[in-house]
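The values are calculated or read from the model by the stated rules, or taken from the named source; none is laboratory data. All of these numbers come straight from a predicted model, not from anything done at the bench. All Cβ positions, even for glycine, are placed from backbone atoms using ideal geometry, and neighbour counts span all protein chains on display.
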Amino acid sequence: MKVSAFIPIFLLFFNFVFGVAAELYDGFQLVIRISALLFCVSYAFISNVKGKVEGYVLFLFFCLYLISVFVFNFSLITLNFIYLSVIIFYFKSVKLSLELLISNAFYVTVIVLGLFCISIILGIVTPSSTEIGGRLRYSFGFSNANKVGIVAYSLYVLVWLNYFFNNKNLKSVVFFSIVSFSMAYFSDSRTSLYSIVIFSFLCVFALPKIIRRFMFILPLLFLLVSFYISTLSNEFSVNLLLSNRPVDFNNFMKNLEFINYITGASSEGDRVDNSYILAYFSVGPLLFLLFLFRCFQFSNYEHHKSVWAFFVSLLLYAIFEALLVRVEFPLVLIFYYMIFFSNKTKC
């Protein structure tokens, strides 16, 4: 483990599990997020980190552009992207390798979930279950069973990425795979289960090279799919299948004007469990196009099949969860680090 990576990742994921998912403390989430940010800035300053000039220029552009979008729309999710930019550039500045980032993310996930299990044993957190539409869902002490699914998927993918990149013991990999799959199964998080299955399938059967070259289209395709889903708000069967997400998407989209597709819009007060709609209207088309460009470059590099499995499964998951706009998940930090700063990821 490397302190420069472990501490900010730990603070962020601990904040999600205990502060957001379990709702054990209110009002302190922002304090912990700021603490992680201050650690990164302080560590970089004390270490006298020196980076390339163009890297700092790009970082400054990111922040200034996002601040302007935030001032115009007052979207708190835009602040998330500012925060995310700082963390990712910090990892790059301290020359953190992808292997070390994956390793630290895995250990943080295991340690935080271990602490959460201890809190259940001590009675601090009470596991519960709910029945929704005939589906019995266990939340394991989280406020929402879908949050269990996200954590389960994150653990499963991190276990295997750590195995492929850092050659970890296969017995521990099998153990944590069973644990994470069981969490997803008992939470009855269908998106989590489907994403785990897709990730596993693509780890075994690698995507053909010609298909990999066009993977950069997926974010744009899924954004358009998300827009289309919002038009199905009156379809009862679709709403039942997608847990009422078409209605939620439509409630946000129907109030938008043409100018919002250029300048962005705030989603505050709306329930939009979709990364693409939230990201597009939080950062605007310019940064979304920059993200697509980086995905294009990423698609032209050589990567291990587990990286492609991660890339595809996470982007699919993001259609039905706001994963990509949150900074607390170690897996999301790895994703953006790969897209913006990783070239070849063979292992």
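Things worth noting here:
- Top-ranked residue in the stretch 88-99 [being surrounded by fewer than 19 Cβ atoms within 10 Å (Cβ to Cβ) and assigned to a helix (DSSP H, G or I); ranked as modelled with the highest pLDDT]: 99
- Residue 173 meets all of the listed conditions (1) touching a residue at least 12 places away in the same chain (Cβ under 8 Å); (2) in a helix (DSSP H, G or I); (3) closer than 22 Å to residue 323 by Cβ but one, namely (3).
- Residues in the stretch 252-306 that are small (Gly, Ala, Ser), touching a Leu at 6+ places or on another chain (Cβ under 7 Å) and not in a helix (DSSP H, G or I): 2 in all.
- Screening residue 335 against (1) in a helix (DSSP H, G or I); (2) closer than 27 Å to residue 10 by Cα; (3) touching a residue at least 40 places away in the same chain (Cβ under 8 Å); (4) not basic (Lys, Arg) leaves a single unmet condition, (3).
- Number of the exception - residue 206 against (1) of a type outside the set (S, T, N, Q); (2) assigned to a helix (DSSP H, G or I); (3) in contact (Cβ under 8 Å) with a residue 40 or more places away in the chain: (2)
- Breaking point among (1) more than 30 Å from residue 117 (Cβ to Cβ); (2) surrounded by 20 or more Cβ atoms within 10 Å (Cβ to Cβ), for residue 222: (2)
- For the stretch 225-262, filtering for residues that are of a type in the set (D, E, K, R) and surrounded by 13 or more Cβ atoms within 10 Å (Cβ to Cβ) leaves 3.
- Pairs are defined by a Cβ separation below 6 Å, a sequence spacing of at least 6 or placement on different chains, a first member in the stretch 1-24 that is under 27 Å from residue 96 (Cα atoms), and a second member that is aromatic (Phe, Trp, Tyr); the pairs so defined are 1/107; 4/43; 7/39; 8/39; 17/116.
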